[in-house]
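One structure below.
The values are calculated or read from the model by the stated rules, or taken from the named source; none is laboratory data. Computed from a prediction, not measured in an experiment: that's the story for all the values here. Cβ: placed from backbone, ideal geometry, glycine included. Neighbour counts: every protein chain shown. We work out accessible area using only protein heavy atoms, side chains counted, and drop any ligands, DNA or RNA first. Shrake-Rupley method; radii C 1.70, N 1.55, O 1.52, S 1.80 Å.
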Amino acid sequence: MNSLNISNLSKTYSNGVKALQNITLDIPVGMFGLLGPNGAGKSTLMRTIATLQEADSGCVKLGDIDALKQKHELRKVLGYLPQQFGLYPKISAQVLLHHLAVLKGITKQKERREIVDALLHKTNLYEVKNQNLSGFSGGMKQRFGIAQALLNNPKLLIVDEPTAGLDPVERNRFYNILSELSEKTVVILSTHIVDDVKELCTNMAIINKGEVLLKGNPLELINQTEGKIYQKTIHKNELQEYKKEYKVIAEKLFLGKPIIHVISENNPENGFISVNAGLEDVYFSQILSSSKKHL
């Protein structure tokens, strides 16, 4: 099975923004999570891998295919679900899938019908296959997006912010489809939702300002942070003072009062209690360090 190898990939836009800075990642078959805030460079990386955008330098290989030089070859084995994708609202799901299948080279009618029907079943859209896409909910549109991405039985599947706006039931259904696919496919899940990565991915990377900050297995990364996370409930007007004195990596409200998480090698005392580390703590501590570095 082919892995995806990204080496020293860089991209600077004409306005001077360094979207990618020497990105190097080895992504095996399975689910790979790419975490980062909005504007971190995730979508630029996804579009570059998907041959929709040129890189300034670097190399992307899927097995023997050089993605930057053999774009047509890569597209034959690529499935891509971008963050936002357009649909023809007055066409049914079944008709549009048939149309897209022809564009992907599936020209034999019997084979195409079998593939389309199987994907409509897999994405739980078979019962509404004759309904116009304008009547689809957000979750149904996302499932249609996955169906079109799977038409060519891809070896590489890229999904960019796929669960944003989905309700919990739709999200779980989406997870199950991706999890099943990842047994034989390189699946890259680009998201800023930490739970998506924790639930699904055996490998991950955190990216910010075009740089890879951390990569590894989510559980191992959590274990490395264990024993360094402390929590305290404070008053709203104290937040800025705590940020000056401690490495505050996260804050949330509980019953109207802020609860802060700080990262520290030693117990900060002063009313802080030690809590179990989570992937959010790993993520926010990396983003905080990265942001301070770029100040």
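If VAL102 satisfies every condition in (1) in a helix (DSSP H, G or I); (2) open to solvent by less than 50 Å² (accessible area, probe 1.4 Å) but one, which is the exception? With respect to (1) in a helix (DSSP H, G or I); (2) open to solvent by less than 50 Å² (accessible area, probe 1.4 Å), VAL102 is out only on (2). Part of a helix (DSSP H, G or I) and either more than 28 Å from GLY39 (Cα to Cα) or touching a residue at least 24 places away in the same chain (Cβ under 8 Å) (or both) - does that describe any residue in segment 265-279? There is at least one residue in segment 265-279 that is part of a helix (DSSP H, G or I) and either more than 28 Å from GLY39 (Cα to Cα) or touching a residue at least 24 places away in the same chain (Cβ under 8 Å) (or both). When segment 37-58 is limited to residues that are open to solvent by 40 Å² or more (accessible area, probe 1.4 Å) and at negative phi, the one that is modelled with the lowest pLDDT turns out to be ASN38. Within segment 253-272, is there a residue that is crowded, with 19+ Cβ neighbours inside 10 Å and touching a His at 6+ places or on another chain (Cβ under 6 Å)? No, that holds for no residue.
Let's see how each residue does on (1) modelled with pLDDT of 90 or more; (2) over 30 Å from ALA50 (Cα atoms); (3) touching a His at 6+ places or on another chain (Cβ under 8 Å); (4) polar (S, T, N, Q):
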position: ILE193; (1), (2), (3), (4): no, no, no, no
position: LYS198; (1), (2), (3), (4): no, no, no, no
position: LYS215; (1), (2), (3), (4): yes, no, no, no
position: LEU219; (1), (2), (3), (4): yes, no, no, no
position: ILE229; (1), (2), (3), (4): yes, yes, yes, no
position: THR233; (1), (2), (3), (4): yes, yes, no, yes
position: ALA250; (1), (2), (3), (4): yes, yes, yes, no
position: ALA277; (1), (2), (3), (4): yes, yes, no, no
position: LEU295; (1), (2), (3), (4): no, yes, no, no
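For segment 72-91, the candidate set comprises residues that are over 20 Å from LEU156 (Cβ atoms) and within 28 Å of the chain's Cα centre (by Cα); within that set, the residue that is most open to solvent (accessible area, probe 1.4 Å) is GLN84. One residue alone among GLU241, GLU199 is out of contact with any strand residue (DSSP E or B) (no Cβ under 9 Å at 6 or more places or on another chain), free of Cβ contacts under 8 Å to residues at least 40 places away in the same chain and closer than 30 Å to LEU4 by Cα, and that residue is GLU199. Among residues of segment 65-98 being in a helix (DSSP H, G or I) and either of a type in the set (A, V, I, L, M, F, W, C) or touching a strand residue (DSSP E or B) at 6+ places or on another chain (Cβ under 8 Å) (or both), the one that is nearest to ILE115 (Cα to Cα) is LEU97. A residue that is farther than 26 Å from LYS71 by Cα, touching a residue at least 12 places away in the same chain (Cβ under 8 Å) and assigned by the TED database to the domain that holds TYR80 cannot be found anywhere in segment 127-136.
Please go through segment 105-130 and give me each residue that is open to solvent by 40 Å² or more (accessible area, probe 1.4 Å), in a loop (DSSP other than H, G, I, E, B) and modelled with pLDDT under 90, ordered by number. Matches in segment 105-130: GLY105, THR107, ASN124. Only residues that are among the small types (Gly, Ala, Ser) and surrounded by fewer than 20 Cβ atoms within 10 Å (Cβ to Cβ) were counted across segment 146-181, and they come to 3. Within segment 209-236, residues that are closer than 20 Å to VAL248 by Cβ and touching a residue at least 60 places away in the same chain (Cβ under 8 Å) reach partners that are charged (D, E, K, R) and surrounded by 18 or more Cβ atoms within 10 Å (Cβ to Cβ) with beta carbons closer than 8 Å, at six or more positions or on different chains, in the pairs ILE222/ASP281; THR225/ASP281. Pull up segment 216-236, narrow it to residues that are of a type in the set (Lys, Arg) and more than 28 Å from the chain's Cα centre (by Cα), then point me to the one that is surrounded by the fewest Cβ atoms within 10 Å (Cβ to Cβ). Among those residues, the one meeting the criterion is LYS236. Return a yes/no flag: does segment 249-259 have any residue that is over 26 Å from GLY36 (Cβ atoms) and of a type in the set (Asp, Glu). Checked segment 249-259: no residue is over 26 Å from GLY36 (Cβ atoms) and of a type in the set (Asp, Glu).
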